[in-house]
Amino acid sequence: MRKNNVFRRIAIRYLPWMVVELIAAYVLTSIIVKGSSLISNAIDALLSGQVSGIVSTSFMMQLFLFVGIGFVASLVRDVCASQFSVNIQTQFREEAGRKLVRLEFKYFDKNSSGTILNKLISDIGQAGRFFSETLPDICRILVEAVTIIVSIGKIDGMLVVFIAVGYPVVLVVSHYSSKRMSNLAKNRWKKIDVLNSTAYDNIQGILVGRSFNLMSVMQKKIYKANDEILKFEFIRNRLSAISVIMQNVINWLPNIILATLALMRVLNGSLTVGEMTFFILMLDRIIHPLSELPMLFNDAREIGVSIQRLEELMGQADEPSGDWDGSHYARDCDQVPETVIEFENVNFAYNEGCQVLYNVNFTIKAGKNVAFVGSSGEGKSTIFKLLCGFYKKQSGNYKLYGRNFEDWNLNAARNLYSLVSQNVFLFPESIADNIAYGREGATMEEIKEACRLANIHDFIISLPQQYDTLAGERGTRLSGGERQRISIARAFLKNAPILLLDEPTSAIDVGTEDLIKEAIERISNGKTVITIAHRLSTIENADTILVLSKGQIVESGTNEELLMKKGIYHHLYQVQQKAQEEGKEETLNEII
């Protein structure tokens with residue numbers, strides 16, 4: 001994983017807003033100092049009997065001028081702080097969203113949905129708060145503190161010395177307290193990831209949970225994850241309470257001593273009453289900011305954990321992509337090479353020591369219909385993932401239209417594939433929008449024509465809202481057959497030269513299966529078709545059938561050729577035929 005400081009770069013991009021905010025804060029603090037000094041002089045004048053100086057036009061004009069400048073400075077400070085905050089948080093979300101769609105596929109295999117969502121929502125909110133609130137607040141407090149301390153130093157240098165000695169003690173205590181808080185925050189976020197993942201899984205598996213009466217089990221998982229967080233919260237809150245009490249004592253103690261010291265210097269004649277009043281006013285202005293500083297440092301420590309988690313996400317490698325753009329193959333059939341796909345001794349493993357494919361070799365010619373057969377875990381879906389570039393092979397060679405796949409631009413390569421899967425994913429948007437994802441800029445008439453070809457148009461127009469009907473989350477408002485035909489319509493709209501079929505007729509009723517088969521026959525016309533087969537009856541007319549066993553292609557040929565060999569395919573075919581005669585609908589995954 002490479003180091004990525006994208007969030008720091010974003011903060012630097014919008015740094016001028018914070019600089020102007022700090023300048024405005026300095027101006028505002030200076031005005032407050034000037035105003036307090038004016039009041040201090042007025043008190044001394046009053047005590048010396050110079051009442052006329054207090055009510056003079058010059059005095060009143062200065063007072064109103066300070067109020068006006070202070071109002072403008074305060075407005076500028078707040079506007080700049082708001083702009084800095086909005087820009088930072090917006091850019092953080094955009095960068096994280098942009099990164100998410102470019103990540104390697106294996107990142108999603110290794111991290112739960114709850115962890116990823118937690119980073120995109122909670123951690124980004126925390127990181128944005130650091131750069132838009134915590135960091136500017138720390139800088140603003142330091143600017144105000146320095147300005148006030150300098151003004152106090154002009155009256156009495158000994159008071160400044162005492163401040164310089166007293167307040168570092170506060171920061172030292174804060175440092176050790178915040179270090180402990182940071183360690184707790186790391187463990188807390190890990191527990192929150194588990195809770196979010198558990199909640200997400202429960203939502204996705206609600207149908208299974210209720211069907212098998214597992215609601216109490218699912219609830220216990222939530223309780224367990226929540227209890228783990230609760231334990232950390234108790235420790236964190238207890239430590240935070242102790243820290244706040246200690247900081248309040250340490251914060252106020254120097255100020256009480258300073259106020260007492262100032263009073264003593266008035267009594268011995270070193271300070272005037274007006275100067276002491278000025279000092280008390282300034283001390284009041286400095287107490288609150290400096291008392292906030294340790295808590296802000298604690299906050300920064302906790303937020304630092306979120307920033308580290310986000311930098312880990314942003315530092316992940318993007319999908320590798322070449323520069324070759326062969327998308328003209330999708331537009332001009334005359335230029336398509338005879339060999340579309342070629343695997344030469346391809347090996348692949350998801351994890352070290354757990355190899356899935358061993359020296360896989362096959363060639364697919366343009367316009368041919370090729371099917372992969374094998375039980376679950378033999379590598380059929382893995383081959384599809386390699387074809388689409390979701391994963392990189394470990395060794396061997398994979399060529400697409402005669403070019404090494406590593407040379408291809410990923411977007412251009414994927415434009416050549418249309419995927420119709422048994423597990424159809426639909427976005428929680430309208431039916432028209434879901435189909436339109438097949439080709440950017442498709443017109444409504446083109447969408448309707450694709451639906452007619454996919455045998456789904458009549459169903460859609462029978463709905464009250466027709467093409468504007470919402471599909472529901474993951475398409476839950478539609479049946480499996482309806483989702484499948486919408487997926488085929490999406491593939492029709494894309495009109496890619498290579499069609500990937502992941503057994504689209506599995507777990508579909510007979511009536512719907514006929515409609516889907518008819519639609520698939522239409523979409524397959526003139527295409528190179530690659531099928532993962534669970535029902536052998538669906539691939540009897542395939543030009544080539546490749547049989548996978550233990551990650552290797554052990555048999556190949558037509559349906560008739562493989563049956564004559566009386567090997568693995570023949571055995572699978574016989575078992576499935578017998579199951580069908582007995583009225584069972586068993587797939588390869590069920591009979592092996």
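Quick notes
- A cut-off of 5 Å between modelled amide H atoms, ignoring neighbours fewer than 5 places along the same chain, links ILE553 with ASN361.
- Test item: Cα-centred dipole of the range 300-437, Lys/Arg +1 and Asp/Glu -1 on Cβ, debye: 400
- Local net charge near ILE138, Cβ-Cβ under 10 Å (Lys/Arg +1, Asp/Glu -1): -3
- 11 Å beta-carbon shell around VAL373, net charge (K/R +1, D/E -1): -1
- As a proxy for reagent exposure, ranking ILE155, ILE149 by other Cβ atoms within 10 Å from fewest up yields ILE149, ILE155.
A short reminder: the numbers here are calculations on the coordinates, not readings from a lab. Values in this document were obtained by computation on a predicted structure and should not be read as measured data. Glycine gets a Cβ as well: all are built from the backbone with ideal geometry, and neighbour counts include every protein chain shown.
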